[in-house]
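Enquirer: After the structure tokens below, expect a handful of questions from me.
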Amino acid sequence: MSILHAIESVRAEFQRTLRAVLEEAGKNAAAGGGPGGIESLRVRFLGRKGQVTALMARLKEASAEERPQVGKALNQLRQEIEEGIQKTQDSLEALACEEELRSEWVDITLDLERRPLGSLHPLTRIQYDLEDAFTSMGFEVLDGPHVETDYFNFEALNIPAHHPARDMQDTFYLEDGNLLRTHTSPIQVRGMMRLRPPFKIIGPGKVFRCERIDASHEVTFHQLEGMMVDRDIKVAHLIYFGKALLSRIFKKEVEVRLRPGYFPFVEPGFELDIRCLICGGPGCQVCKGVGWVELLPCGLIHPNVLRSGKIDPEEYSGFAFGLGLDRLVMMKFQIDDIRHLHSADLRFLKQFP
Ligand code: DAH
């Protein structure tokens, strides 16, 4: 066969093989054209023992006049084959890439089955809300242990052993002489030990008392202690912050009044009442006909308490209050039995999404 014919037949063979490779690749894109793929094509035509190389070797067979034409045809063939292989390789790679994308594609718009999400307990909600309100007024949020010493729970709060006020709080004593805190007031003492005046703190948390359980009494309940110490703190400061606290909870201005109340750790001590939000004054079941609801025991900190916090009562004064959170949550969400709060009953909890 003349060399020019041979060139034509290699070209035709290359085209055929390329088509076969592409066809195979269509069926099996990821494998790059199957076993007889693009790489074997390169070896078969352009390799050291390949067909184009063999044709090159035959160039010397051509006569002197023929040689330029044959040389040109050979170069053209080689170029065609190189380009053909490169193009095919590129498009096979693109195909494989597409295939990979297709196989990894995830429809993120699909609606999945949703896992049920829990929600914050109404008590936690009120606590967080109050923490926000007070920190925005410059108060620091403090914590204290549930298991307290007699000193922090009573002694430092001006309730010495055998003081009749200890009877007001039925205490769970532990065998080691410690106790479960009966109120959040020990956080006041811890606050005074940590901070120097002027300071403002709140201390929310659980408290424990040996109560007979009924619709309005639980052995575990929640309080939020508040305390401010500075020079010249007066009852006016107490009223201001008490009102701010209650307006925040009820999301409206509330009318308040002070009545004298007795707590060993304050002098004078008060009960801060709010105008009944249900009847607005004339009296109803909720306020037991009085028109006022008792909400916030409070007072000016007793000098003995300041002293146990190493604060000089001649120089500083302060106010304190102890808010019961459970009754507040019950009023706000109209819950008629305190036992629901710790029931862990989903039928109850689901009402506060
Ligand atoms: N600790 C008191 C109690 O449990 C509540 C209380 C009353 C706290 C007056 C105070 C306060 O800070 O000033 O019952």
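Enquirer: Against the definition (surrounded by 11 or more Cβ atoms within 10 Å (Cβ to Cβ), in contact (Cβ under 8 Å) with a residue 40 or more places away in the chain, not small (Gly, Ala, Ser) and not in a loop (DSSP other than H, G, I, E, B)), how does GLN89 come out, yes or no? Lay out the reasoning, then the answer.
Expert: Values: surrounded by 11 or more Cβ atoms within 10 Å (Cβ to Cβ): yes; in contact (Cβ under 8 Å) with a residue 40 or more places away in the chain: yes; not small (Gly, Ala, Ser): yes; not in a loop (DSSP other than H, G, I, E, B): yes.
Yes; evaluated as a whole, the condition is true for this residue.
Enquirer: Might you check whether a residue that is within 16 Å of the ligand (Cβ to nearest atom), closer than 24 Å to GLU211 by Cβ and not in a loop (DSSP other than H, G, I, E, B) occurs anywhere in segment 104-123? Give the derivation first.
Expert: Taking segment 104-123 first, the residues within 16 Å of the ligand (Cβ to nearest atom) are none.
Within segment 104-123 (the criterion being within 16 Å of the ligand (Cβ to nearest atom), closer than 24 Å to GLU211 by Cβ and not in a loop (DSSP other than H, G, I, E, B)), the answer is no, since none of the residues qualifies.
Enquirer: Return the residue satisfying two criteria in turn: it lies in segment 334-346 and is of a type outside the set (A, V, I, L, M) and surrounded by 14 or more Cβ atoms within 10 Å (Cβ to Cβ), and of such residues it is nearest to HIS222 (Cα to Cα).
Expert: Among those that are of a type outside the set (A, V, I, L, M) and surrounded by 14 or more Cβ atoms within 10 Å (Cβ to Cβ), it is HIS342.
Enquirer: Here are some conditions: (1) within 15 Å of the ligand (Cβ to nearest atom); (2) at pLDDT 95 or above. PHE241 meets all but one. Which one does it not meet?
Expert: Failed condition: (2).
Enquirer: Scanning segment 297-341 for residues that are over 26 Å from THR124 (Cα atoms) and assigned to a helix (DSSP H, G or I), which turns out nearest to the ligand (Cβ to nearest atom)?
Expert: VAL305
Enquirer: A further question follows. When the residues of segment 244-259 are filtered to those that are within 13 Å of the ligand (Cβ to nearest atom) and surrounded by fewer than 21 Cβ atoms within 10 Å (Cβ to Cβ), which remaining residue is nearest to GLN127 (Cα to Cα)? Give the steps one after another, and end with the answer.
Expert: Kept after step one, since they are within 13 Å of the ligand (Cβ to nearest atom), are these residues of segment 244-259: 245, 258-259.
Now narrow it down to the ones that are surrounded by fewer than 21 Cβ atoms within 10 Å (Cβ to Cβ): 258-259.
Values: LEU258: 24, ARG259: 26 Å.
This residue is LEU258.
So that you can scan it fast, the table gives a plain yes or no per residue for (1) in contact with a strand residue (DSSP E or B) (Cβ under 7 Å, 6 or more places away or on another chain); (2) part of a strand (DSSP E or B); (3) at pLDDT 95 or above:
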residue: ILE126; (1), (2), (3): no, no, no
residue: LEU130; (1), (2), (3): yes, no, no
residue: ALA133; (1), (2), (3): no, no, no
residue: HIS162; (1), (2), (3): no, no, no
residue: ALA165; (1), (2), (3): no, no, no
residue: THR184; (1), (2), (3): yes, no, yes
residue: VAL189; (1), (2), (3): no, no, yes
residue: PRO197; (1), (2), (3): yes, no, yes
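Enquirer: Further, regarding this structure: Any idea how many residues of segment 135-154 are more than 17 Å from SER185 (Cα to Cα) and either charged (D, E, K, R) or assigned to a helix (DSSP H, G or I) (or both)?
Expert: Keep residues of segment 135-154 that are more than 17 Å from SER185 (Cα to Cα), which gives 135-138.
Those left that are additionally either charged (D, E, K, R) or assigned to a helix (DSSP H, G or I) (or both): 135-136.
The total comes to 2.
Enquirer: Pick from LYS251, LYS234, LYS288: which is more than 22 Å from ASP143 (Cα to Cα), among the basic types (Lys, Arg) and under 32 Å from the mean Cα position of the chain (by Cα)?
Expert: On the way: LYS234 fails: under 32 Å from the mean Cα position of the chain (by Cα); LYS288 fails: under 32 Å from the mean Cα position of the chain (by Cα).
Answer to the check: LYS251.
Enquirer: Go through segment 177-193 and count every residue that is within 37 Å of the chain's Cα centre (by Cα) and either farther than 18 Å from GLN223 by Cα or away from the ligand (no atom under 12 Å from the Cβ) (or both). Give the steps one after another, and end with the answer.
Expert: Taking segment 177-193 as the starting set, the residues that turn out to be within 37 Å of the chain's Cα centre (by Cα) are 178-193.
Next, from what is left, pick out any that are either farther than 18 Å from GLN223 by Cα or away from the ligand (no atom under 12 Å from the Cβ) (or both): 178-180, 190, 192-193.
Final tally of qualifying residues: 6.
Enquirer: If you don't mind, another one. Can we say LEU224 is more than 15 Å from the ligand (Cβ to nearest atom) and modelled with pLDDT of 95 or more?
Expert: Details: more than 15 Å from the ligand (Cβ to nearest atom): no; modelled with pLDDT of 95 or more: yes.
Considered against the rule, which asks whether it is more than 15 Å from the ligand (Cβ to nearest atom) and modelled with pLDDT of 95 or more, LEU224 comes out as no.
Enquirer: Give the residue that is surrounded by the most Cβ atoms within 10 Å (Cβ to Cβ), with candidates limited to residues of segment 156-176 that are touching a residue at least 24 places away in the same chain (Cβ under 8 Å), within 14 Å of the ligand (Cβ to nearest atom) and under 42 Å from the mean Cα position of the chain (by Cα).
Expert: By that ranking, first place goes to LEU157.
Enquirer: Could you check segment 201-215 and list, in sequence order, the residues that are closer than 19 Å to LEU306 by Cβ and surrounded by fewer than 22 Cβ atoms within 10 Å (Cβ to Cβ)? Steps first, answer last, please.
Expert: Kept after step one, since they are closer than 19 Å to LEU306 by Cβ, are these residues of segment 201-215: 201-203.
Once the filter is applied, which keeps residues that are closer than 19 Å to LEU306 by Cβ and surrounded by fewer than 22 Cβ atoms within 10 Å (Cβ to Cβ), segment 201-215 yields nothing.
Enquirer: Could I ask something else about it? Does VAL286 count as of a type in the set (Val, Ile, Thr) and either touching an Asp or Glu at 6+ places or on another chain (Cβ under 6 Å) or more than 16 Å from the ligand (Cβ to nearest atom) (or both)?
Expert: Criteria met by VAL286.
Enquirer: Ok, one more. Which condition does LEU142 not pass, out of (1) more than 30 Å from the chain's Cα centre (by Cα); (2) surrounded by 14 or more Cβ atoms within 10 Å (Cβ to Cβ); (3) not aromatic (Phe, Trp, Tyr), if it passes all the others?
Expert: Going through the list (1) more than 30 Å from the chain's Cα centre (by Cα); (2) surrounded by 14 or more Cβ atoms within 10 Å (Cβ to Cβ); (3) not aromatic (Phe, Trp, Tyr), LEU142 breaks only (1).
Enquirer: Determine whether GLU218 is surrounded by 13 or more Cβ atoms within 10 Å (Cβ to Cβ), without any contact (Cβ under 8 Å) to a residue 24 or more places away in the chain and away from the ligand (no atom under 13 Å from the Cβ).
Expert: Working: surrounded by 13 or more Cβ atoms within 10 Å (Cβ to Cβ): yes; without any contact (Cβ under 8 Å) to a residue 24 or more places away in the chain: no; away from the ligand (no atom under 13 Å from the Cβ): yes.
So GLU218 does not fit the description; no.
Enquirer: Scan segment 227-236 residue by residue and report those that are within 13 Å of the ligand (Cβ to nearest atom) and not in a loop (DSSP other than H, G, I, E, B).
Expert: Our first condition is that a residue be within 13 Å of the ligand (Cβ to nearest atom); within segment 227-236, this holds for 227-229, 233, 235.
Listed by number, the residues that qualify are MET227, MET228, VAL229, VAL235.
Enquirer: I'd like the residue in segment 265-278 that is under 21 Å from HIS302 (Cα atoms) and surrounded by fewer than 20 Cβ atoms within 10 Å (Cβ to Cβ) and, out of all such residues, is nearest to the ligand (Cβ to nearest atom).
Expert: At the first step, the residues of segment 265-278 found to be under 21 Å from HIS302 (Cα atoms) are 265-272.
Now drop any that are not surrounded by fewer than 20 Cβ atoms within 10 Å (Cβ to Cβ), which leaves 267-269, 271.
Details: GLU267: 10, PRO268: 10, GLY269: 6, GLU271: 9 Å.
Restricting to residues being under 21 Å from HIS302 (Cα atoms) and surrounded by fewer than 20 Cβ atoms within 10 Å (Cβ to Cβ), the top hit is GLY269.
Enquirer: Is it the case, given these coordinates, that GLU294 is assigned to a strand (DSSP E or B) and surrounded by fewer than 20 Cβ atoms within 10 Å (Cβ to Cβ)?
Expert: Numbers: assigned to a strand (DSSP E or B): yes; surrounded by fewer than 20 Cβ atoms within 10 Å (Cβ to Cβ): yes.
Spelling it out, GLU294 is indeed assigned to a strand (DSSP E or B) and surrounded by fewer than 20 Cβ atoms within 10 Å (Cβ to Cβ).
The values are calculated or read from the model by the stated rules, or taken from the named source; none is laboratory data. These figures come from a predicted structure and were not determined experimentally. Don't worry about glycine lacking a Cβ; one is built from the backbone with ideal geometry, like all the others, and counts go over all protein chains shown.
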